[in-house]
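Laboratory data are not the source of any read-out in this text; all were calculated from the coordinates shown. Keep in mind that this is a model prediction, so the values were computed, not measured. Ideal geometry is used to build each Cβ from the backbone, glycine not excepted, and the neighbour counts take in all protein chains shown.
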Amino acid sequence: MSSRVFSNIVIWAAIVLGIGVTGAAAQPSAAQVKKDVSGAKTISVTVLGKGTRVWSKGYSKWVWDVPYSAKVKSEEPGVNILVEATASYDIVGGRYVYWRSFVGSNIYEGIPNPTEAEVVSLLNQFGPQKVMMGDFYNAVGGVESVKLAAKPRFEWHTLNSVSFTVIATYKEKVDSTTTRRISKPFRARLYRDSKTSPWKNILGTGELSDDEVVVVL
């Protein structure tokens, strides 16, 4: 085989596989990540590691994920938001192209998250069906318990609205004769009129992450 033919085969393979003839580019540096995730309200960003190649189930593609934390100005003067998030990069022909950030949690400095006791009280007040939606009617014999998840992933949308994950335990129908006892995550969101007002409503959002799964007990 001539060197010219061999060279053409290498180039063709590189194009098909998307690996690039000149070699893969380096993964995004901490400085690049900070630049990519920063906006007009960003105060500071701390990159938490070099990143990992992961399969995105929701989008069916490989991405390069870099965890980071940030401090961002909120709409309330003098109140900042502390964010835990992941910068996600598309891997394109050996290059790393910033795609988007996924927020794991965020909290307002000086404004407490709802406690376990508050969450239980609110679920008793409003009813678990508002969070569980259609799944509530699949519970055989009623819902055994609903509580704040071990990893609640608090996400404040505004000072008057916050989302978090709760875990419901109950028996569900498998078929016409069989049930199983499960522990299932649900994403809940609270609403109020002002930051000093009591919570006035709770609803389910259905926005779970890949690591929030049903556990058969």
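Here the dipole of the chain is about 380 debye; that uses its Cα centre as origin and unit charges on the Cβ of Lys and Arg (positive) and Asp and Glu (negative). Dipole magnitude for the stretch 116-216: computed about the Cα centre from +1 point charges on Lys and Arg Cβ and -1 point charges on Asp and Glu Cβ, it is near 200 debye.
Pairs from the table (Lys57/Lys130; Lys35/Lys71; Lys147/Lys173; Lys130/Lys173) lying more than 25 angstrom apart at Cα are Lys57/Lys130.
When each full DSSP H helix of the chain is screened for a Cα extent of at least 24 Å along its own axis and an average Kyte-Doolittle hydropathy of at least 1.0, none passes. Per-residue packing, averaged as other Cβ atoms within 10 Å, sorts the ranges 55-62, 204-211, 163-170 into the order 163-170, 204-211, 55-62, beginning with the highest. Annotation note: GluC sites (Glu not before Pro) in the stretch 83-131 located in DSSP loop regions with a Cβ neighbour count of at most 13 within 10 Å are Glu109. Mean sequence separation of contacting Cα pairs (under 8 Å, at least six apart), scaled by the length of the chain, corresponds to a relative contact order of 12 percent.
Among Arg187, Arg95, Arg153, the residue with the largest mean-square fluctuation in a Gaussian network model of the chain, with springs joining Cα atoms closer than 10 Å, is Arg95. Overall, the anisotropy analysis places the stretch 116-216 in the prolate class: the square-rooted eigenvalues a ≥ b ≥ c of its C-alpha gyration tensor yield a/c not less than 1.5, with a/b exceeding b/c.
Relative to one another, the C-alpha centroids of the stretch 39-117 and the stretch 128-197 are positioned 24 Å apart.
Each Lys and Arg adds +1 at its Cβ and each Asp and Glu adds -1 at its Cβ; summed about the Cα centre, the stretch 13-108 shows a dipole of about 180 debye. In terms of overall dimensions, the C-alpha atoms belonging to the stretch 13-108 reach 56, 27, 20 Å along their principal axes, ordered largest to smallest. Dipole orientation for the chain: of the candidates Leu148, Tyr191, Phe102, Phe102 has the Cα lying most toward the positive pole (charges on Cβ; Lys, Arg +1; Asp, Glu -1).
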